[in-house]
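**Q** Dropping the structure in here first, questions after.
The values are calculated or read from the model by the stated rules, or taken from the named source; none is laboratory data. The shown structure was predicted, so the numbers you read here are calculated from the model rather than taken from an experiment. With ideal geometry, Cβ positions are generated from the backbone for all residues, glycine too; neighbour counts draw on all protein chains shown. What goes into the accessible areas is simple: the full protein's heavy atoms, side chains included, and nothing from ligands, DNA or RNA. Shrake-Rupley method; radii C 1.70, N 1.55, O 1.52, S 1.80 Å.
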2 protein chains.
Amino acid sequence: MTSTQAEHGRRSQQGQWMEKVKVSIASSRAIRGGNYVQLATVDETGQPHCRTIVFRGFVALPSGGLALKMITDARSDKVSQIQHNRSCEMVWWFSQTSEQYRIAGHLELVAADSTSPWAVAARSEQWNALSDTAKQQFFWSKPGMYDPLVASSVANEGGHGLPPATFLLVLLQPSIVKYLRLSDNATLHEAFLPDGTWERRSSIQY
Amino acid sequence: MTSTQAEHGRRSQQGQWMEKVKVSIASSRAIRGGNYVQLATVDETGQPHCRTIVFRGFVALPSGGLALKMITDARSDKVSQIQHNRSCEMVWWFSQTSEQYRIAGHLELVAADSTSPWAVAARSEQWNALSDTAKQQFFWSKPGMYDPLVASSVANEGGHGLPPATFLLVLLQPSIVKYLRLSDNATLHEAFLPDGTWERRSSIQY
């Protein structure tokens, strides 16, 4: 077994990790929880926090960059953490292929008071893509605590109203991606540069 | 469907989450990666970091508390992060039962220079429990980068020597545990008190 070290410093418009992750996603599409990721943030006192969250897809930003989409309840603890410190690292573990992506970057919260037409549309579109069951959670009197009283109202309404103020779209713009394939220890490390390109820091394949 | 709110403030020697997690572990024992967790830490600049790591079991501390065991390479980025800030949050997602445990606490690194007899023994025991393949990684010239040269030496040695200086036992002493069962939104929130007991902050069952 020999190792090959790929060229460092090579730049591309789209990181090589994107090609990889598309394959990983396809290989896990049928797996329940295959789109569950862990998102780490820091609170006002500098303590780390981490929770499982659903990855909702990629979206091209008006700036030309790329973001990963998630959603959250405005009353969730993570919201105040993000408002204080936008830095995050997301971990995506693909159990089918023993691959890990660590995606560090900055988070942006798209709330009801957003004035960017693009963001307003993106938030609305994400809301409309939710199931009625998922929508109901945003009407609970406390986030994360089931409220039987709201169940029927959302169903009756058909769920096609405007998103409530509790519904936030969360955008993660990645700046550093570290990839590891456990089966053979292949790795890839890429960084997003201010000029909008991805630079390969290292890539080891066996 | 009605909700029941369990008593707050009830204290116990062992948190109720321990009873729960034992059941969760048993239900996932046969699942590949069922003992993979995500561990979030903070670096010197206050940025969050998160990675997948293997849970190696529970251990009773000489102090009477309980710790979760992991291992790491002394050259890993997470080590300098932990040396700077011992705070962490571990996420354990059980895909079979749609349960999440968020375990916040403090990390302790047990290195080769540890002088506590208990810690020396615990580190040695953990090393001896590793497979030869797992042991080899700690002899690689760079952590995380496969080195074919070390493969045979560890195998020849039988892997029963003293743990190398690169091998660290990582102990997580939990202080706050938050449990969520996604199937019915049942929750539990417990905190470890200075007197060594666990206090229930909230528990919602449906």
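**Q** For residue B:29, only one of the following conditions fails: (1) more than 28 Å from residue B:145 (Cα to Cα); (2) charged (D, E, K, R); (3) within 14 Å of chain A (Cβ to nearest Cβ). What is its number?
**A** Unmet condition: (3).
**Q** In segment A:173-187, what residues are touching a residue at least 40 places away in the same chain (Cβ under 8 Å) and within 12 Å of chain B (Cβ to nearest Cβ)? Walk me through how you get there before you give the answer.
**A** Quick first cut of segment A:173-187, residues touching a residue at least 40 places away in the same chain (Cβ under 8 Å) only: A:173-183.
Hits for segment A:173-187 are A:175, A:176, A:178, A:179, A:180, A:181, A:182, A:183.
A quick yes/no check of all residues on (1) among the small types (Gly, Ala, Ser); (2) farther than 17 Å from residue B:169 by Cα; (3) open to solvent by less than 40 Å² (accessible area, probe 1.4 Å):
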{"position": "B:17", "(1), (2), (3)": "no, yes, yes"}
{"position": "B:30", "(1), (2), (3)": "yes, yes, no"}
{"position": "B:34", "(1), (2), (3)": "yes, yes, yes"}
{"position": "B:55", "(1), (2), (3)": "no, no, yes"}
{"position": "B:61", "(1), (2), (3)": "no, no, yes"}
{"position": "B:72", "(1), (2), (3)": "no, no, yes"}
{"position": "B:83", "(1), (2), (3)": "no, no, no"}
{"position": "B:90", "(1), (2), (3)": "no, no, yes"}
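**Q** Is it the case that residue B:192 is modelled with pLDDT of 95 or more, surrounded by fewer than 20 Cβ atoms within 10 Å (Cβ to Cβ) and away from chain A (no Cβ under 14 Å)?
**A** yes
**Q** How many residues, within segment A:39-91, are in a strand (DSSP E or B), at the interface with another protein chain (Cβ under 9 Å from one of its Cβ atoms) and touching a residue at least 40 places away in the same chain (Cβ under 8 Å)?
**A** 9
**Q** May I ask you to say which residue of B:96, B:83, B:47 is within 29 Å of residue A:145 (Cα to Cα) and polar (S, T, N, Q)?
**A** B:96
**Q** Right, another one. Any chance segment B:130-149 includes a residue that's open to solvent by 40 Å² or more (accessible area, probe 1.4 Å) and more than 27 Å from residue A:178 (Cα to Cα)?
**A** Scanning segment B:130-149 turns up no residue that is open to solvent by 40 Å² or more (accessible area, probe 1.4 Å) and more than 27 Å from residue A:178 (Cα to Cα).
**Q** Go through the residues of segment B:101-117 one by one and say whether even a single one is within 28 Å of residue A:105 (Cα to Cα) and among the hydroxyl-bearing types (Ser, Thr, Tyr).
**A** The first filter runs over segment B:101-117 and keeps only residues within 28 Å of residue A:105 (Cα to Cα), leaving B:101-109.
So of that shortlist, the ones also among the hydroxyl-bearing types (Ser, Thr, Tyr) come out as B:101.
Checked against the condition, which is being within 28 Å of residue A:105 (Cα to Cα) and among the hydroxyl-bearing types (Ser, Thr, Tyr), segment B:101-117 yields at least one hit.
**Q** Next question. Take segment A:115-139 and flag every residue that is aromatic (Phe, Trp, Tyr), more than 14 Å from residue A:171 (Cβ to Cβ) and in contact (Cβ under 8 Å) with a residue 40 or more places away in the chain.
**A** Within segment A:115-139, A:127, A:138 meet the criteria.
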